[in-house]
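> Please see the structure below; I have some questions.
The values are calculated or read from the model by the stated rules, or taken from the named source; none is laboratory data. Note that this is a predicted model, so its numbers are computed, not measured. Using ideal geometry, Cβ is built from the backbone for each residue, glycine included, and neighbour counts are taken over all protein chains shown. Accessible surface is based on the protein model in full, side chains and every heavy atom, while ligands, DNA and RNA are left aside. Shrake-Rupley method; radii C 1.70, N 1.55, O 1.52, S 1.80 Å.
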Amino acid sequence: MKALAEIKDLANKNILVLGMAKSGVSAALLLRKLNAQVLVNDAKAEQPQELIEQLKKADVQMILGSHPKGILAQHHIELIVKNPGIPYTNPVLVAAKEQNVPIIAEPELAYRVMDSELIGVTGSNGKTTVTTMIQLMLDQQDHHAAYVAGNIGVPATTVVQKATANDRVVMELSSFMLAGIDQLHPHIAVVNNIFSNHLDWHKTRENYVNDKMRITENQTKDDYFVINWDNPEWQQLAQRTAAQVVPFSRQGLVENGAYAKDGQLYFKNERIMAADEIGVPGDQNVENALAAIAVAKIEGVANKHIKQVLQTFSGVKHRIQYVKTLAGRQFYNDSKATDIEATQVALKAFQRPIILIAGGLDRGDDYTRLVADLKPHVKEVIVNGQTAAHMQEAAQAAGVKVVKDSPRVKDSVAIAFEDSQPGDVILLSPAAASWDQYQTFEERGDEFITAVENLSKEKGDVTK
């Protein structure tokens, strides 16, 4: 992080941190180090006592349980640092816009105090995997350390305080985060893909795409814009950047970037490794690997280090995560599949019979889009949550012979095991957000993992 003496523009300012959680607490503590006067406001009254004690110790004021009217005027608020998930329709934010109070997201605050090189990663699907792959590759370099931050679950404002000017910060940036940036400027920006996602929040696909593309709005000709070239729309998006475009393509559509050809992975005609050597299954992970390869080669990482990382990479928790083989059945946790496209990707990753556990928050999505993906290998679908009826209709339209209801994911695991045969894949891939039954997709995935472990103990099976 820059020396505190260099950062004077936040000193003595009255700053509201809207939304507590880990990132809110991290932002508040950093702001106090910068001598700002900080107020944290969260509509949820019950908060972890450990976090409350951290804020009290740093002399941070708190208002919990509501968003009071007049909070901006009463506390003379000059800047808001908001939790990315809080919509701009929130009354405090509406009032802030009317009163011309600046609003930024936590990664923007982190960027303003960092002196490390920033690599930003966004996309509808796969960004956590790409972020992790890039960090592992860059961390192989002797003269640099590499850190992950952002939407991956590590507050950016925490990471930038330990990263030095010689280090790299690989920041996963959601559309919610990018909607709240101003100065954030990645040296390398990655757009893994863009589908239709979070339209309940963004309202239109155009808004969603525009927020995603904010990742490159501050880039210059001295920077790099890495983008998936396997869709004509994404190719058109590359015209919006001032940075040097470095494409990647699983379909072999480019030679001036990273691409797959005849089962091999290349960067600008230089062979890196065979695609089937990647340690995680599925075409989506070939795309993820190509995005990471492009960044690693820009950064000068040796091929042997790139290959080692991809060969040993075992996946990201909750993203087509291998959990265990029990009595010949393989269990995979894909709880992070919070949209239809992510579940389509997961289903294409397997060539064996699948029992799919799916369902969650109903955001009005068209689940008939899953029919073609269910047909090849899905033998049974176990549904739960608000979208259960929609998933059931899609499964029946796909000719899936067995469709069952289940109260929760843990119950689905028991049903799936009893209905399965050795050689089957039991896959949690909900195609929906978790918020109808769970606080987060991580909580949902952890319930799946725990249920599998409990089943293993019950059956006396120690197969890993």
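> One residue is enough: does region 184-197 have a residue meeting the conditions on the phi < 0 side of the Ramachandran plot, modelled with pLDDT of 95 or more and part of a helix (DSSP H, G or I)?
For region 184-197, residues on the phi < 0 side of the Ramachandran plot, modelled with pLDDT of 95 or more and part of a helix (DSSP H, G or I): absent.
> Also: If you scan region 417-434, which residues turn out to be in a helix (DSSP H, G or I) and of a type outside the set (Phe, Trp, Tyr)?
Within region 417-434, Glu418, Asp419 meet the criteria.
> Just the residues that are open to solvent by 10 Å² or more (accessible area, probe 1.4 Å) and closer than 19 Å to Asp366 by Cα, please, taken from region 392-412.
Scanning region 392-412 gives Gln392, Glu393, Gln396, Ala397, Ala398, Gly399, Val400, Val403.
> Then there is this: Quick one: which of Thr157, Thr204, Thr241 is of a type in the set (Ser, Thr, Tyr) and under 19 Å from the mean Cα position of the chain (by Cα)? Spell out the reasoning first.
Details: Thr204 fails: under 19 Å from the mean Cα position of the chain (by Cα); Thr241 fails: under 19 Å from the mean Cα position of the chain (by Cα).
Matching residue, one of Thr157, Thr204, Thr241: Thr157.
> Of the residues in region 268-306, how many are part of a helix (DSSP H, G or I) and either in contact (Cβ under 8 Å) with a residue 40 or more places away in the chain or not assigned by the TED database to the domain that holds Asp222 (or both)? It would help to see each step written out before you state the result.
Residues of region 268-306 that are part of a helix (DSSP H, G or I), as a first pass: 275-277, 283-298, 303-306.
Of the ones still in play, those that are also either in contact (Cβ under 8 Å) with a residue 40 or more places away in the chain or not assigned by the TED database to the domain that holds Asp222 (or both) are 283-285, 287-296, 298, 305-306.
Residues flagged as part of a helix (DSSP H, G or I) and either in contact (Cβ under 8 Å) with a residue 40 or more places away in the chain or not assigned by the TED database to the domain that holds Asp222 (or both) within region 268-306 amount to 16.
> Right, another one. Going by the structure shown, is Asn256 farther than 12 Å from Ile188 by Cα and outside any loop (DSSP other than H, G, I, E, B)?
Values: farther than 12 Å from Ile188 by Cα: yes; outside any loop (DSSP other than H, G, I, E, B): no.
No.
> Continuing with this model, one more query. Can you confirm whether region 108-117 contains a residue that is open to solvent by less than 50 Å² (accessible area, probe 1.4 Å), within 19 Å of Ala189 (Cα to Cα) and in a loop (DSSP other than H, G, I, E, B)?
Yes: one or more hits.
> Do the conditions hold for Ile104, that is, is it modelled with pLDDT of 95 or more and under 30 Å from Val295 (Cα atoms)?
On the way: modelled with pLDDT of 95 or more: yes; under 30 Å from Val295 (Cα atoms): yes.
Spelling it out, Ile104 is indeed modelled with pLDDT of 95 or more and under 30 Å from Val295 (Cα atoms).
> Moving to a separate point now. Checking Leu347 against (1) part of a loop (DSSP other than H, G, I, E, B); (2) in contact with a Pro (Cβ under 9 Å, 6 or more places away or on another chain), only one condition comes out false. Which one?
Every listed condition holds for Leu347 apart from (1).
> Also, quick follow-up: Of the conditions (1) of a type outside the set (A, V, I, L, M, F, W, C); (2) modelled with pLDDT of 95 or more; (3) open to solvent by less than 40 Å² (accessible area, probe 1.4 Å), Asn90 satisfies every one except a single condition; which number is it?
Status for Asn90: all satisfied but (2).
> Pull up region 279-332, narrow it to residues that are among the polar types (S, T, N, Q) and within 17 Å of Val191 (Cβ to Cβ), then point me to the one that is surrounded by the fewest Cβ atoms within 10 Å (Cβ to Cβ). Quick ask: steps written out before the conclusion?
In the first step, residues of region 279-332 are kept if they are among the polar types (S, T, N, Q); the result is 284-285, 288, 303, 308, 311-312, 314, 321, 325, 330.
Those still in the list that are within 17 Å of Val191 (Cβ to Cβ) too: 284, 288.
On the way: Gln284: 24, Asn288: 32.
For region 279-332, the residue satisfying everything is Gln284.
> Same structure again: Looking at region 413-431, which of the residues that are in contact with a helix residue (DSSP H, G or I) (Cβ under 8 Å, 6 or more places away or on another chain) and buried (at least 22 other Cβ atoms within 10 Å of the Cβ) is nearest to Thr325 (Cα to Cα)?
Filtering region 413-431 down to residues in contact with a helix residue (DSSP H, G or I) (Cβ under 8 Å, 6 or more places away or on another chain) leaves 413-414, 417, 426-431.
Of the ones still in play, those that are also buried (at least 22 other Cβ atoms within 10 Å of the Cβ) are 413, 426-431.
Values: Val413: 13, Ile426: 10, Leu427: 12, Leu428: 14, Ser429: 17, Pro430: 20, Ala431: 23 Å.
Out of the qualifying residues, it is Ile426.
> Inspect region 145-168 for any residue being in a helix (DSSP H, G or I), hydrophobic (A, V, I, L, M, F, W, C) and either open to solvent by less than 10 Å² (accessible area, probe 1.4 Å) or free of Cβ contacts under 8 Å to residues at least 12 places away in the same chain (or both) and give the result as yes or no.
Start the filter on region 145-168 by keeping residues that are in a helix (DSSP H, G or I), which leaves 156-159.
Subset that is hydrophobic (A, V, I, L, M, F, W, C): 156, 159.
Still in the list and also either open to solvent by less than 10 Å² (accessible area, probe 1.4 Å) or free of Cβ contacts under 8 Å to residues at least 12 places away in the same chain (or both): 156, 159.
Scanning region 145-168 turns up at least one residue that is in a helix (DSSP H, G or I), hydrophobic (A, V, I, L, M, F, W, C) and either open to solvent by less than 10 Å² (accessible area, probe 1.4 Å) or free of Cβ contacts under 8 Å to residues at least 12 places away in the same chain (or both).
Conditions tested, residue by residue: (1) closer than 26 Å to Arg369 by Cα; (2) touching a residue at least 24 places away in the same chain (Cβ under 8 Å); (3) in contact with a strand residue (DSSP E or B) (Cβ under 8 Å, 6 or more places away or on another chain).
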position	(1), (2), (3)
Leu178	no, yes, yes
Gln183	no, yes, no
Asp211	yes, yes, no
Lys261	no, no, no
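> Another question, then. Being modelled with pLDDT under 95 and not in a helix (DSSP H, G or I): is that true of Glu50 here?
Numbers: modelled with pLDDT under 95: yes; not in a helix (DSSP H, G or I): no.
It is false that Glu50 is modelled with pLDDT under 95 and not in a helix (DSSP H, G or I).
> Would you please name the residue that is modelled with the highest pLDDT, looking only at residues in region 349-367 that are within 20 Å of Pro422 (Cα to Cα) and surrounded by fewer than 18 Cβ atoms within 10 Å (Cβ to Cβ)? Outline the logic, then answer.
Of all residues in region 349-367, those within 20 Å of Pro422 (Cα to Cα) come to 349-357.
Narrowing further to those that are surrounded by fewer than 18 Cβ atoms within 10 Å (Cβ to Cβ): 351-353.
Values: Gln351: 87, Arg352: 92, Pro353: 96.
Going through the qualifying residues, I end up with Pro353.
> Scan region 126-144 residue by residue and report those that are outside any helix (DSSP H, G or I) and surrounded by 22 or more Cβ atoms within 10 Å (Cβ to Cβ).
So the first thing to find is which residues in region 126-144 are outside any helix (DSSP H, G or I), and the list is 126, 139-144.
Selection gives Gly126 alone.
> Does Ser23 satisfy the criteria of being within 30 Å of Thr216 (Cα to Cα), in the same structural domain as Thr164 (by the TED database), of a type in the set (S, T, N, Q) and within 27 Å of the chain's Cα centre (by Cα)? If you could, list the steps in order and put the result at the bottom.
On the way: within 30 Å of Thr216 (Cα to Cα): yes; in the same structural domain as Thr164 (by the TED database): no; of a type in the set (S, T, N, Q): yes; within 27 Å of the chain's Cα centre (by Cα): yes.
So Ser23 does not fit the description; no.
> Consider region 309-321. How many of its residues are in contact (Cβ under 8 Å) with a residue 40 or more places away in the chain and of a type in the set (Ser, Thr, Tyr)?
Filtering region 309-321 down to residues in contact (Cβ under 8 Å) with a residue 40 or more places away in the chain leaves 309-310, 313, 315-321.
Right, trim to of a type in the set (Ser, Thr, Tyr) and you get none.
Within region 309-321, residues that are in contact (Cβ under 8 Å) with a residue 40 or more places away in the chain and of a type in the set (Ser, Thr, Tyr) number 0.
> For region 217-229, indicate whether the set of residues that are in contact (Cβ under 8 Å) with a residue 60 or more places away in the chain and open to solvent by 50 Å² or more (accessible area, probe 1.4 Å) is non-empty. Break it down stepwise before answering.
Step one: of region 217-229, the residues in contact (Cβ under 8 Å) with a residue 60 or more places away in the chain are 224, 226, 228.
When the remaining residues are screened for being open to solvent by 50 Å² or more (accessible area, probe 1.4 Å), the result is 224.
Looking for residues that are in contact (Cβ under 8 Å) with a residue 60 or more places away in the chain and open to solvent by 50 Å² or more (accessible area, probe 1.4 Å), one finds at least one in region 217-229, hence yes.
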